[in-house]
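Undergrad: I have a structure here, written as structure tokens, and I will follow up with some questions on it.
Just so you know, all these numbers are worked out from the coordinates, no wet-lab data involved. The structure presented is a predicted model; accordingly, all values stated were derived computationally and were not measured. So basically every Cβ, Gly included, is an ideal-geometry build from the backbone, and we count neighbours across all protein chains shown.
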Ligand SMILES: Cc1ncc(COP(=O)(O)O)c(C=O)c1O
């Protein structure tokens, strides 16, 4: 199955993909009043496993709290609903998209009278920037669009409204012939991509912009910091000027969708050797080995989806193995 088929969880009920509809008068359609997550389930030798599902659902509930939204099944209930949705669709491997949004009631800007509704969608989604990008890297530009200023749009909340800015960054990059754009924060420091965090390597030191530079607290970003510590690679969060990109030995993106994607050029300036660098490669390999269950899950990042009997049923719908 792929995008466009299967069942969608809507407020606790499974609905056929084509019937999962909301009213055009729903608050979220007009005012971007939604918060969401993007997580993944991977096929491992021990069965299908969601990667850091608890952390993703915690961030979903944090985003909801910032926007004064409550959804009463709680984070644990929501995690269980995600696992049920994968089982219902018999996926071995999939992308997971939970969304909480203000539904249909009134259309004043004040959302309080509108219900908070929820959906969970799952579908097969391969490498976000293309399978080749994980090995050979991507060409990107520094965007002419900046990230939001602190105390304007909370960048720690994964709100649908923030993705108006992301769309401007992404569309400009695509129109200019790049895979992605890197946005600067309001003071001109490096921030992040349209849907990815950013890492730089110079002289063996790994750096990433701090959250105060309007970057999302990425879960893959946190994994990379953890794995760098495990591998004794020095890592720090640091505000950096745009030109740090051009003189880095290696640059890469991190994200649930993009996973760990090397950047081979920025604004047509070649980064390092123009190939995936050695530190990117070692961290990427460790990351893929853990998510695909080839190395022990020492950080407790995997949540298994099926009991053994169920996983045989899931195996009937094979998804391509990756990484
Ligand atoms: C704006 C933005 N930054 C960074 C990320 C990476 O976050 P994560 O690694 O949690 O997917 C994402 C993706 O969710 C994003 O949308």
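Undergrad: Could you please tell me the mean projected area of the C-alpha convex hull for the range 250-303, averaged over all directions and given in square nanometres to one decimal?
TA: Mean projected area of the Cα convex hull: 4.3 nm².
Undergrad: Let me check the size of the range 175-229 from its C-alpha atoms; what are the radius of gyration and Dmax in Å?
TA: 12.0, 38
Undergrad: Work out the FRET efficiency for residue 22 and residue 131 from their Cβ-Cβ distance, taking R0 = 35 Å, and round it to the nearest 0.05.
TA: 0.55
Undergrad: If you count the DSSP beta bridges with both ends in the chain, what percent of them are antiparallel, to the nearest 5?
TA: Of those bridges, close to 85 percent are antiparallel.
Undergrad: For the chain, what does the helix formula give at 222 nm: sum of -39500 (n - 2.57) over DSSP H segments with n ≥ 4, over the residue count, nearest 500 deg cm²/dmol?
TA: After summing the helix terms and dividing by the residues of the chain, the value is -8500 deg cm²/dmol.
Undergrad: Going highest first, how would you order 215-227, 168-180 by mean Cβ packing within 10 Å?
TA: 215-227, 168-180
Undergrad: Which whole-number percent gives the relative contact order of the chain, counting Cα pairs below 8 Å spaced six or more residues apart?
TA: 21
Undergrad: Which length gain, in nm to one decimal place, applies between residue 84 and residue 174 when the Cα-Cα distance is subtracted from 0.36 nm times their residue separation?
TA: Length gained, residue 84 through residue 174: 28.8 nm.
Undergrad: Can you tell me the length gained on complete extension of the stretch residue 310 to residue 112, counting 0.36 nm per residue apart and subtracting the Cα distance?
TA: The residue 310-residue 112 span can extend by a further 67.2 nm.
Undergrad: Also: Against the 2.2 N^0.38 Å scaling, with N counting residues, where does the range 113-156 land? I'd like the Cα-based Rg ratio to two decimal places.
TA: 1.90
Undergrad: Still on this structure, please answer the following. Find the eigenvalues of the gyration tensor of the Cα atoms of the chain, then list the square roots of 5 times those eigenvalues as equivalent ellipsoid semi-axes, largest first, in whole angstrom.
TA: The three semi-axes for the chain are 31, 26, 17 Å.
Undergrad: Turning to a different aspect of this structure: Which order do the peptides 120-131, 22-33, 41-52 take when ranked by the mean count of other beta-carbon atoms within 10 Å per residue, highest first?
TA: Descending packing order for the listed peptides: 41-52, 120-131, 22-33.
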